[in-house]
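Only one structure is covered here, and it is reproduced in the block below.
Nothing in this text is a laboratory measurement; each read-out follows from the coordinates by a stated rule. The shown structure was predicted, so the numbers you read here are calculated from the model rather than taken from an experiment. Note that each Cβ is placed from the backbone with ideal geometry, even for glycine, and that neighbours are counted across all protein chains shown.
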Amino acid sequence: MNFDFSDEERAAQETLRRMLAAQCDRNFVRRVLDGEHGLSRELWRELGWQGWLSTSVPEQYGGQGLGYVLQCAIALELGRALAPVPFWTSFLVSEALLLAGSEDQKRRYLPALARGELVGTVAFAETAGGIRGDLIAAISENGRLTGSKTAVCDGTDADVTLVAAKADGEVHLFLVDLHGAGITRAPQTGIDPTKSLARIDFTAAPAEQLGDERAGGWPVLESLLARTAVLVAFEQLGGAEAALVMARDYALDRHTFGRPVGAFQAIKHKLADIYIANELARSNAYFAAWALNTNSAELPLAAATAHVSATEAFDRAARDNIQVHGGAAIAWQHDCQLFYRRARHLALALGAPGQWRARVVANLAAARAA
Amino acid sequence: MNFDFSDEERAAQETLRRMLAAQCDRNFVRRVLDGEHGLSRELWRELGWQGWLSTSVPEQYGGQGLGYVLQCAIALELGRALAPVPFWTSFLVSEALLLAGSEDQKRRYLPALARGELVGTVAFAETAGGIRGDLIAAISENGRLTGSKTAVCDGTDADVTLVAAKADGEVHLFLVDLHGAGITRAPQTGIDPTKSLARIDFTAAPAEQLGDERAGGWPVLESLLARTAVLVAFEQLGGAEAALVMARDYALDRHTFGRPVGAFQAIKHKLADIYIANELARSNAYFAAWALNTNSAELPLAAATAHVSATEAFDRAARDNIQVHGGAAIAWQHDCQLFYRRARHLALALGAPGQWRARVVANLAAARAA
Amino acid sequence: MDFEDTQTEAAFRAEVRAWLAANAPRFVPAAEASEAERVKLMRAWTAEKAKAGYVGFTLPRELGGRGGSAVEEIIFVEEQARVAVPHIETFNLGPSVGIPVLMKHAHPEHVSRLAGPTLRGEVVWCQMFSEPGAGSDVAAIRTRAVRDGDEWVVNGQKVWTSGAHIADWGMLITRTNPAVPKHQGLTFFILDMKSPGVEVRPLKQMWGRSEFNEVFFTDVRIPDHQRLGDIDGGWQVVLTTLSNERLALIYDRTVGRNLVAPLLRLASHIPSPEGGSLVASSGFCDRLASYYAVVAGVDHIRKRISTSLSRNERPGAEATIGKMTLARVLQEMAAFGMDIAGTAGQVADADPDLAEIQESFFMSAGYRMGGGTEEIGKNIIAERVLGLPQDIRVDKNTPFQSPAGGR
Amino acid sequence: MDFEDTQTEAAFRAEVRAWLAANAPRFVPAAEASEAERVKLMRAWTAEKAKAGYVGFTLPRELGGRGGSAVEEIIFVEEQARVAVPHIETFNLGPSVGIPVLMKHAHPEHVSRLAGPTLRGEVVWCQMFSEPGAGSDVAAIRTRAVRDGDEWVVNGQKVWTSGAHIADWGMLITRTNPAVPKHQGLTFFILDMKSPGVEVRPLKQMWGRSEFNEVFFTDVRIPDHQRLGDIDGGWQVVLTTLSNERLALIYDRTVGRNLVAPLLRLASHIPSPEGGSLVASSGFCDRLASYYAVVAGVDHIRKRISTSLSRNERPGAEATIGKMTLARVLQEMAAFGMDIAGTAGQVADADPDLAEIQESFFMSAGYRMGGGTEEIGKNIIAERVLGLPQDIRVDKNTPFQSPAGGR
């Protein structure tokens, strides 16, 4: 049993952490927030060139075939750095191709995604609510897709998107070239402007079914969400850890009533609670990484649990980081808001948190019935 | 505007508090817990003789016609003393008679209930779940009631019970003499042995419809639950206040690491949180008392809100009273458990807390729609 | 237990309502009005109220007050809330804190010179206490005042000053003696905000607005007669302001922001997986009911406070319960509102309810700090209401300028 | 990230499994076995394990230990959990805490005399630290030991002593010098529980069972050679026991109690107002999923600790996370379980799931105290993991018998 990253994975993590400290510090993220630049294509391409985006992609499709655990370690570091890159969205598209794409589709997209030359995303939400078939009105007929999707993450910049739409009354998944015909994108102001969101209107846009046959659809989408949730959980964990470090450092430095604020039990216990939530999230994330890597039958439960746990941890860490900082934290200039916003983005990116909780319980109930 | 008890009500409260301190201290309650005696008929009759049970009953039925606010103040004191008397159950029966009983029924039961000579209760639950028509299987036909009810509060001692049962497929309310034919009672071990619970089996037991006509039924039951919930909220508030006083006194007295435990922020803030929850519950209870007393249209919302708020407050106070006391609290000899148990009894007495939350929201939504 | 007005109260309410109906409409700002226009309108509205005797309810008539009761003030505030007149919190500071402090600590000439204009909205006040290094611990401030003949020379910086950009006068706490323990070396002044060397910079908050300011002092000269209280005795004056500030909280509109209606509307548009809308789902009901119980509880606590005031009792620490609970639950429920909307909950563009929910998510984080953090508030309740011991203050007797005392 | 055993581990696991299959069945207690019968069986089972070398895994062979690794111990504990052999927590104390402390602080003769019998289950240990006036603050104990020639005379009272009624030997901390600050006047002894003057009384808990004891000492005489550590140097020995105790927590079965299955079963029988059973309702899912995330997280934290142990690293404060979270959420979910059952949730007679939920409601309140309250645990995490300052200890330098030092 070795329930931890390997020495090699840790070394890679360390390298990436140094690279991000140099190229993606919080001032960099802040400039994205201030609208000085959007999603960073340069950083993304740099990450691709250095091989950070392709570790789990098989070698035949331009990847490194190293499995998913290293990819999880990378997600952790990107989360820690609050990197404004289209990470989970592109990962989801790669997974979709690997899981259900045709050979031709795989060859066309996977290498470019792995190199960071292509940005992929996914468009499922149309209205408020969970990810559900009855809330999907987009329709695909004869290779043309029509409909309107909201809150498409990295949608202003993405090159290709996976779209959930109905064909013959059933939900299927389609690949759509976002530089093609019938596409209108409108940037949206989201809770986290360091992740660009867009409304995308599809008007008879050329759309290609994922895979040769109608093999796609709901089970594939559920599977993609579970697999991506593992990576998102690590990204959340990284953010939560960085927020805890920030709060701890401030609590040691800032003095009030003649002592560091971190000497008062109210603050000590608040920080201990963040630590506990983070450690629970880490353990659940590790288990999910193992389940993803081994394609275990426990993956659906493990992934949902990891995401639920990491959502709670990151929301708490981001919120209480502000509370530890006191008044200073609510200034626009202050970095606390970067975490506060990102925590919400990652909590909502893959659909309503309540739906993830329902998935945990449905899986537990199914395991009991089995 | 005078959002407080009146001077007269406060004086009455003070008198009752002194009487209970003398006749119903925590050793008295503990003897009930230890099984040395059950529900205290003597105390109940004493309360009746002194007039504490009849303040809201009109004079023509042997009461004092003083309205409901004083009755709420009395509930507060009974709650504070953890009095093991059939208070809310008998109140519910009185209210049922006043609301829907026939003149004959009123004259037969109300004066005896007001004097504490009669103990009334209500039997609705049959299985786990909320209070719902589809969970009621008991049936009444031709004046005979057959069915089985669980967790009937004060059920081992009560003289008369209100029963929810179906007649012609609809739920109606019936009065059943518990000393009559067709009644089998079995005491049950409940979460709070200072309130006796019983399973009551009705086998073609003589049953009398509440009221001359079939005016009873669901709306009356809902109304009775709301009215009783106000009194129960005050009983809960009294318990929560007593638990806070107990925790505060201990925190001042007990020393650790050279200081009173109440000097540590972890304990200070825990006690402040109990105080805050209690004050919120008190305010909601006061408003509900006003709504009950004036028969306001806001009563259903106010009563549900008061009960939800008081349930949260008493559960918290009882639980954190233990936590402040530390190890000592978990000894059987220790009084902490009296609150811990009573808080749960009162939380569940009128049905699932989730159902009370749903009532709050349903009333809010209805008010919005109106 | 009675919500009805007494006869006197009812008569006064009717009078107020009639007066508002006749006069308020002229002062309703246009939807697109700029802040400057709103301020101008607020000044005019205040002057109008002063003419009619609806300002300074509990202040003496000779200062321009009404010489009336707190109950009248409550009734007026309640009725005023029904009309769309401008509301700028900063205008409350002078009447509720500034004048009482002047009356207790200032030279009578300042009182008679400033009270009237303050009540008429001609003089607006701000309070300059907090500094980058002194938030909860106000006595840790570092802004220096050095005596120079009949004047004091002030250098330093304040922060989180509401309304400094519209204020005419300010209340200022400075350090005049760093060689003694921190509470003993402070001196309190009132200050004309147009004095040379005062620079006010707006401070943008994370929700994009600038409700607060930084204020910088560079060799600002204050005449000694604008000192309130003794030299090095400023802490006593601070305590006076804080005790009046807590009373002012009762009227605080910001804690009145709640999400019950937006959440109900939002949920009513989201179909539940269990059928119907989310409004009937147990997950939604559990959260909303607990939330509503807090909102309603605080609302009713205000009524209890009004009752105390009408009996001429001073409300206790329960006045802070609203501040200490609403902001936290507002933050939680704002996150919950986004949660039920799911992925689309990130975007507020098209939906006014989601917009309010998102704005509340950020503003609640700020509310949790305003007027002292929740941690400080719980200490106050634990100590003043429950009688628990004070925290150990290691710096109580340490000179401010020593390594341990100055931070 | 690997859950598979290494080859060596797999081989050991297979060996253990085969041995258990062959030997465990003889030691399974009857359902109606009394405590005395279980203790007898537990002693026999321990002796059987000792014969096969499955005790004292990390203790040296010359003391009767296995001289093996922590990983072997983990594997054995995991496999043993699959069979129905008796489990009495008290039997763990000697091997995991008692022997290491003897090895570090006792005369070698005691080690060689007691280690073997302890590992064979012939000598069972208890630990007598807590007193009515000294819970979290162990150093505040008052039980006195006074020197009398080559012996010490002990008077006083201990409380919350698990297993004292079955223990043969005890670890005891006493006060020998009240004139110095509290940590400096303590002396540590080992004690034959059959010594004259030792009286053990069971202490009934609020859930009706008696798992703990009070122990009274009346002129109990202990030879000086049973002293561990220096006179007045007992606190060092206490620290040794506590550090070993924290390791022992990893194997603590009590924190393994969880309500996921009982809640799922209970909810599956309750029809939801929204149709179907409560299992699919959002209110139930929200609560159960958060709860499961804690239960699963703690379970996986144990795997991370096992990983540390297998690398010969000492697990850090994360070992306490289980204790600090599970008890609290167990308490909350027990109340939630009653809540969903409603009025019928008060009664446990007929439903084993409700019975387990109700029992958990009470036991969780006790778990929250065991091994130090959550408040103490959070302080430890804040100080040792996050590097935050210690609480101010006002009595650190105060003589124990002074008014401020003694409480």
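Per Stokes-Einstein, at 37 °C and 0.692 mPa s, what whole-number D in µm² s⁻¹ belongs to the stretch C:126-232, with the Kirkwood radius over Cα pairs as the hydrodynamic radius?
Numbers: Rh = 13.9 Å.
The Stokes-Einstein estimate is 237 µm²/s.
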Task: Per-residue HN-Hα couplings for the stretch D:197-210 [Karplus 6.51, -1.76, 1.60; θ = phi - 60°; Hz; x = Gly/Pro] - done: x, 8, 10, 9, 10, x, 10, 6, 8, 5, 8, x, 8, 10
TODO: Taking every pair of alpha-carbon atoms in the protein assembly as shown, give the share separated by more than 47 Å as a whole percent.
DONE: 47
Open item on the list: 7 Å from Cα along Cα→Cβ at both D:Thr6 and D:Lys104: what's the point-to-point distance in nm?
Closed with: 2.7
TODO: Determine the sum of side-chain charges near B:Val29: Lys and Arg each +1, Asp and Glu each -1, restricted to other residues whose C-beta is under 12 angstrom from that of B:Val29.
DONE: +2
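Tell me, what is the percent relative contact order of the stretch A:41-114, built from C-alpha pairs under 8 Å that lie six or more residues apart? All intermediate terms of the calculation are to be shown ahead of the outcome.
On the way: 65 pairs, mean separation 24.3, N = 74.
Once divided by the residue count of the stretch A:41-114, the mean separation gives 33 percent.
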TODO: Show the residues, 5+ positions off or on another chain, whose built amide H is closer than 5 Å to the amide H of B:Gly190.
DONE: B:Leu197
Open item on the list: Can you compute log10 of I(q)/I(0) for the stretch A:1-120 with the Debye formula, treating each Cα as one identical point scatterer, at q = 0.09, 0.22 Å⁻¹?
Closed with: -0.25, -1.24
Task: For the stretch D:377-383, Karplus couplings with θ = phi - 60° (6.51, -1.76, 1.60), whole Hz, Gly/Pro x - done: x, 5, 4, 4, 4, 4, 7
Task: Cα-projected label distance for C:Arg142 with D:Glu78, points at 7 Å along beta-carbon direction, nm - done: 5.6
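Between Rg and the Kirkwood Rh of the stretch C:7-88, both from Cα atoms, what is the Rg to Rh ratio? It would help to have the intermediate numbers written out before the result.
Working: Rg = 13.2 Å, Rh = 13.3 Å.
Ratio of gyration radius to Kirkwood radius for the stretch C:7-88: 0.99.
For chain B, return all DSSP H helices satisfying: extent of Cα atoms along own axis at least 27 Å; mean Kyte-Doolittle hydropathy at least 0.5. Before the final figure, lay out each step's value.
Numbers: long enough: B:218-253 (51 Å, 0.73); B:265-293 (41 Å, 0.04); B:299-325 (38 Å, 0.04).
Helices meeting the criterion: B:218-253.
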Task: Estimated FRET transfer efficiency (C:Arg61, C:Glu313; beta-carbon r; R0 22 Å; 0.05) - done: 0.40
Task: Computed E for B:Asn2/C:Arg384 - FRET, C-beta separation, R0 30 angstrom, nearest 0.05 - done: 0.75
Open item on the list: Considering all alpha-carbon pairs of the stretch B:303-370, what whole percent are spaced by more than 17 angstrom?
Closed with: 50
Open item on the list: Give me, ordered by chain and number, the residues 5 or more places off D:Val220 or on other chains with an amide H under 5 Å from its own placed amide H.
Closed with: D:Val154
- [ ] Could you list which residues have their amide H under 5 Å from that of C:Phe212, counting only those 5 or more apart in sequence or on another chain, with H placed in the peptide plane?
- [x] C:Leu203
Open item on the list: Give the lysines whose C-alpha is closer than 18 Å to that of B:Lys166, dropping any in the same chain fewer than 8 places away, or say none.
Closed with: B:Lys149
Task: Percent breakdown of C-alpha pair distances by 5 Å bin, ordered from the shortest bin, for the stretch B:55-129 - done: 3, 15, 24, 25, 16, 9, 5, 1
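Once you order the gyration tensor axes a ≥ b ≥ c over the Cα atoms, which shape class does the stretch D:250-372 get: rounded for a/c under 1.5, otherwise prolate or oblate by comparing a/b with b/c? If you can, show how the numbers build up before the last one.
Values: a/c = 3.02, a/b = 1.92, b/c = 1.57.
Note, shape of the stretch D:250-372 comes out prolate.
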Open item on the list: Using a 10 Å cut-off around each Cβ, can you sort B:Lys106, D:Lys396 from fewest to most neighbouring Cβ atoms?
Closed with: D:Lys396, B:Lys106
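Below 8 Å between Cα atoms, with a sequence gap of 6+, how large is the relative contact order for chain C in percent? Intermediate results must be reported in sequence, preceding the final value.
On the way: 632 pairs, mean separation 52.6, N = 407.
Relative contact order of chain C: 13 percent.
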- [ ] Between beta-carbons, use under 14 Å as the cut-off and find the net charge around D:Asp219, counting Lys and Arg +1, Asp and Glu -1.
- [x] 0
TODO: Check cross-link reach from C:Lys194 to the lysines: straight Cα distance under 28 Å, and skip same-chain residues fewer than eight apart.
DONE: C:Lys40, C:Lys49, C:Lys51, C:Lys104, C:Lys158, C:Lys204
Task: Label zone at C:Ser210, where the point sits 7 Å out along the Cα-to-Cβ direction: the stretch A:316-337 residues whose backbone N lies under 13 Å - done: A:332-333
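For chain D, what is the convex hull (Cα atoms) projected area averaged across all directions, in square nanometres? Mind dumping the intermediate values first?
Working: hull surface 91.5 nm².
Result: 22.9 nm².
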Task: Computed E for D:Glu122/B:Asp34 - FRET, C-beta separation, R0 45 angstrom, nearest 0.05 - done: 0.70
TODO: Kindly flag which residue pairs out of A:Lys195/C:Lys323; A:Lys268/D:Lys323; B:Lys268/C:Lys182 have an alpha-carbon separation exceeding 21 Å in this structure.
DONE: A:Lys195/C:Lys323; B:Lys268/C:Lys182
